[in-house]
Amino acid sequence: MAETGGLVARRRLVWTMVTLSLLQVSTAGAGLAVANLTPPDPVEQRAAAVAARASVQATASLPGIDPDAPIPDAATLRERLAGIAEGPGPKVNAVVIDAETRKTLFDRGADSPATPASTTKLVTSVAALSALGPDHRIATKVVQGGEGGVVLVGGGDPTLTARPPVEDAYPRYASLEDLARQTAAALTRAGVREIRVDYDASLYEGEREAAGWKSNYLPDGELAPMSALTVDEGRTGVGETTRVSDPAKSATQTFVRMLDRAGVKAETGERVTAPRTAVALGTVRSPPLSALVEHLMTVSDNDVAEAVLRQVAVKRGLPVSFAGGAQAVMAELARLGVAEGVQVNDGSGLSTRNRITPLALARIASLAASDRHPGLRPAITGMPVAGFTGTLAAPRYTDDRTAAGAGVVRAKTGTLSGVSTLAGVAHDADGRLLAFAFMLGDGKGPVDRGRLDLLAAAVAACGCGTAS
């Protein structure tokens, strides 16, 4: 059935409220590449993403399952989507399922594995939230070292920053300057005025690059070399895309300068492995995992995604590497009952060897939206909101053909050469929560991501419920 006038008015009201509330921040996500490679300022960009998400959540209801809303008639939904899915251009593998019952309502190659690109981050996020819990925080600390020195120990916090703290910011990222002040105070109390600072990044192991990564990813700064100790994602400067070659050493050199300013003369030492029993002189912690997941989902942050993958490996006692992280994620998905159709080699989705079926992505999205798994919710609340935030910000979902999805569709995007994907949730016109995944292209030619937006908008616009 067609949308009712009341529903149209409600959606327009929500859209208007969201537009007004995001007027100052909605452009933060516009023009961002899926990999989030060139933010003008990493700290300010993260704060803008959080502000945008908070504004959306204050004015529009979050996705929720209403068991009384009618399930769409599969034949009617299929009629609305088939023409878009079967249009000219590369093949689209697609699925739409009911989020509560997981009944398949539209299937076009739903069981066909495809390159997921950054929709892999949905898999990584759900596995991490399940394994670690939304309140998990990552510690960076300084401990007593050998021969009178101290050791800066990285725990894998990808958001550790050397930038000045932002007052009243949420979330508050761990501050290297705060750690330097704690350490200087402890050393001063002990009468120490000069110190050598060694550094420990031994938590991570294995290769610097994942199987299936292009050789230019690290040189071009698409993410930093993998390191358990890094500051400001290893960027060479504010707004820079280039990364330092040795993030752990660079972080230590920055820390040494901060100790000097705090009144303790310091020099950079060597890479070491600190004893686990070493006494801590200072500790700072990352925001909770829920905030990290919301950030990485909204702006598609590769560095944070790879760090989160490794935290799952730490939890499961597996090698803290690409292979160990992928194994840990797969084990957690199996525990949740959603591992079928998933094969990953990294956490970010940059690997062209990742293979995930549309049905697997839709099932994982519906699981995260379920009231039975509230701890997985940040994977949904972090999804970009169509037309407003992150990688779905305007000009997407602003024309007449896609406007029905604005403020209603929440989805993770994915883009690699010759591949475009979209996976998430949307309430249809009858208020039924549906999960979907649309995967376009085989990596061999140009793709038009607009087809995916048309599909998601058609799902949101469908007022085709049955009494069942």
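The values are calculated or read from the model by the stated rules, or taken from the named source; none is laboratory data. Bear in mind the structure is a predicted one, so any value in this text is a computation, not a measurement. Using ideal geometry, Cβ is built from the backbone for each residue, glycine included, and neighbour counts are taken over all protein chains shown. The protein model used for the area step is the full one, side chains on, heavy atoms only, and it has no ligands, DNA or RNA in it. Shrake-Rupley method; radii C 1.70, N 1.55, O 1.52, S 1.80 Å.
If each of T241 and D371 carries a label point 7 Å out from its Cα toward its Cβ, how far apart are those two points in nm?
4.6
Can you pull the three principal axis extents for the Cα set of region 69-166, in Å, largest first?
The Cα atoms of region 69-166 stretch 73, 35, 30 Å along the principal axes, largest first.
Skip the ligands, DNA and RNA, and give the accessible area per residue of region 271-343 with a 1.4 Å probe, whole Å².
In whole numbers, region 271-343 has 37 Å² accessible per residue.
What number does region 327-425 give for Rg over Rh if you use C-alpha atoms and the Kirkwood radius?
We get a ratio of 0.99 for region 327-425.
Quick one: if the Förster radius is 30 Å, what FRET efficiency do A190 and T273 give, using the C-beta to C-beta distance and rounding to 0.05?
Calculated value: 0.80.
Can you order the peptides 294-302, 365-373, 75-83 by their average number of other Cβ atoms within 10 Å per residue, highest first?
Descending packing order for the listed peptides: 294-302, 365-373, 75-83.
Could you state the principal axis extents of the C-alpha atoms in the chain, from the largest down, to the nearest angstrom?
Between the extreme Cα coordinates on each principal axis of the chain lie 78, 42, 39 Å.
Ignoring solvent entirely, what values of log10 I(q)/I(0) come out of the Debye formula for region 90-144 at 0.20, 0.21, 0.22, 0.30 Å⁻¹ when each Cα is a single scatterer?
-0.95, -0.99, -1.02, -1.14
Calculate, in nm to one decimal, what E205 and D220 gain on full extension: separation in residues at 0.36 nm each, minus their alpha carbon distance.
Net length gain for the segment: 3.2 nm.
Give me the extension gain from S417 to D260: residue separation times 0.36 nm, minus the current Cα-Cα distance, reported in nm with one decimal.
Numbers: separation 157, 0.36 × 157 = 56.52 nm, distance 4.63 nm.
Between S417 and D260, full extension yields 51.9 nm more.
Would you mind classifying region 192-349 by shape? Square roots of the alpha carbon gyration tensor eigenvalues, ordered a ≥ b ≥ c; an a/c under 1.5 is rounded, otherwise it is prolate if a/b is larger than b/c and oblate if not.
Prolate, because a/c is 1.5 or more and a/b exceeds b/c.
Rounded to two decimals, what ratio of Rg to Rh does region 60-114 give with C-alpha atoms and a Kirkwood Rh?
Over the Cα atoms of region 60-114, Rg/Rh equals 1.03.
How many percent of all Cα-Cα pairs in region 379-468 sit more than 17 Å apart? Let's see the in-between values first.
Details: 1808 of 4005 pairs.
Roughly 45 percent, rounded to a whole number.
Whole Å is fine, so just give me how far the alpha carbon centre of region 186-219 lies from that of region 273-320.
13
Where the accessible area of the chain is counted over protein heavy atoms with a 1.4 Å probe, how much of it, in %, is carbon and sulfur?
50
Mind putting a number on the dipole of the chain about its Cα centre? Charges go on the C-beta only, +1 for Lys and Arg and -1 for Asp and Glu, and I need it in Debye to the nearest 20. Write down the numbers at each step before the final one.
Working: 48 positive and 49 negative charges, 73 e Å.
For this selection, approximately 360 debye.
What shape does region 228-320 take by its C-alpha gyration tensor, where a ≥ b ≥ c are the square roots of the eigenvalues and a/c under 1.5 counts as rounded, a/b above b/c as prolate, and the rest as oblate?
oblate
Provide the per residue accessible area, probe 1.4 Å, for region 108-232, rounded to a whole number of square angstrom.
Spelled out: the 1.4 Å probe surface of region 108-232, per residue, equals 39 Å².
Over the alpha carbons of region 149-245, what is the largest minus smallest coordinate on each principal axis, giving the biggest first in Å?
51, 33, 20
Answer with one residue from G337, S351, H295: the one whose Cα lies farthest towards the positive end of the charge dipole of region 294-351, charges on Cβ with Lys, Arg +1 and Asp, Glu -1.
The listed residue farthest towards the positive side: G337.
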